[in-house]
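Here is the structure we will look at.
The values are calculated or read from the model by the stated rules, or taken from the named source; none is laboratory data. Note that the structure is predicted; figures quoted are calculated from it, not measured. Positions of Cβ are generated from backbone atoms using ideal geometry, with glycine treated the same way; all protein chains shown enter the neighbour counts. Just so you know, the surface numbers come from the protein's heavy atoms only, side chains and all, with ligands and any DNA or RNA stripped out. Shrake-Rupley method; radii C 1.70, N 1.55, O 1.52, S 1.80 Å.
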Amino acid sequence: MDPLLFSTLMKLALPAVVITIALTVTRVRGISWKADLGLCWPRPAIGLAWLAAWIVWMAIGEAAIRVFGMEQAAPWEEYPLLIVVLRIAAIGILGPASEELVMRGVLLDRLRRTALGPIGAIAAVAAAWAAMHYRYEPMTIGLIFADGLVLGAARHHSRSTLLAAVMHSLGNLLSIYQSLHP
C-alpha cells in the first residue's frame, strides 16, 4: 500500500477506534449517552447562540495569532484529491468528534461530579486538552486552552457534546482551509 495513503488512513482510523471504544465502554458501564455524555442536540436557539459566539471567538483568535505573531497553520503539500478528502474527514470531522467525546463527554462528565464541580472540571479538561497539543509553541497552547474553556462552557450550558464537536470541527476546518490556501 502507498505509504501516504496508509498514514492518511491511520489518521482516519485512530479517531474512529477511539469513538468506538468510548461508546462501547460507556454503554457496557451503563453510562447514559444522552444525559451523561451529552450526545444530543441542544435547543436550536442555544445551539445557534453558541455557534455564533464560537465564530466570534475564532475571529478573535485569528486576530490574536496575527497580532502576537503566533504560528500559523502549515501549508499542506500537493496531495492527491483522495488524500485531501480523507485528511479533511480525519482532521476536520472525526478527530474533533473523538476528542470531544472523550474530553468534554466522558472526562468532563466524570470530573464535574467531583469536588471540582463544573467550573473546575471545565478548566481541568481544557488544561488536559491543551497539554495534548504539546507540539505547538506555548502561546498557541494558551490559545488552545482558552478554546477548551469555551468548548467546555458550551458543553456545560447546552448539555450537548455534539455542539462542542461541531464547534471544534469548525475551528479545525478553518485551519485546514488556511493550510490549503496559504
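Observations, loosely collected:
- Some residue of the range 129-137 being under 22 Å from Glu62 (Cβ atoms), buried (at least 18 other Cβ atoms within 10 Å of the Cβ) and at pLDDT 95 or above: yes
- Pairs linking a residue in the range 112-126 that is without any contact (Cβ under 8 Å) to a residue 40 or more places away in the chain to a residue that is acidic (Asp, Glu) and open to solvent by less than 60 Å² (accessible area, probe 1.4 Å), with Cβ atoms under 9 Å and 6 or more positions apart or on different chains, are Ala121/Asp109; Ala126/Asp147.
- Tally, over the range 63-83, of residues that are closer than 11 Å to Leu180 by Cβ and surrounded by 11 or more Cβ atoms within 10 Å (Cβ to Cβ): 4
- Filter result for Leu86 (crowded, with 17+ Cβ neighbours inside 10 Å, over 19 Å from Ser160 (Cβ atoms) and not hydroxyl-bearing (Ser, Thr, Tyr)): yes
- Residue within the range 144-159 that is surrounded by fewer than 20 Cβ atoms within 10 Å (Cβ to Cβ) and either over 27 Å from Val17 (Cα atoms) or at pLDDT below 95 (or both) present: yes
- Check on Gly69, free of Cβ contacts under 8 Å to residues at least 24 places away in the same chain and on the phi > 0 side of the Ramachandran plot: yes
- Among the residues listed as Ala53, Ala63, Ala90, the single one being modelled with pLDDT of 95 or more, touching a Lys or Arg at 6+ places or on another chain (Cβ under 6 Å) and not polar (S, T, N, Q): Ala90
- Each residue in the range 116-135 was checked for being of a type outside the set (A, V, I, L, M) and more than 16 Å from Arg155 (Cα to Cα), and 3 of them qualify.
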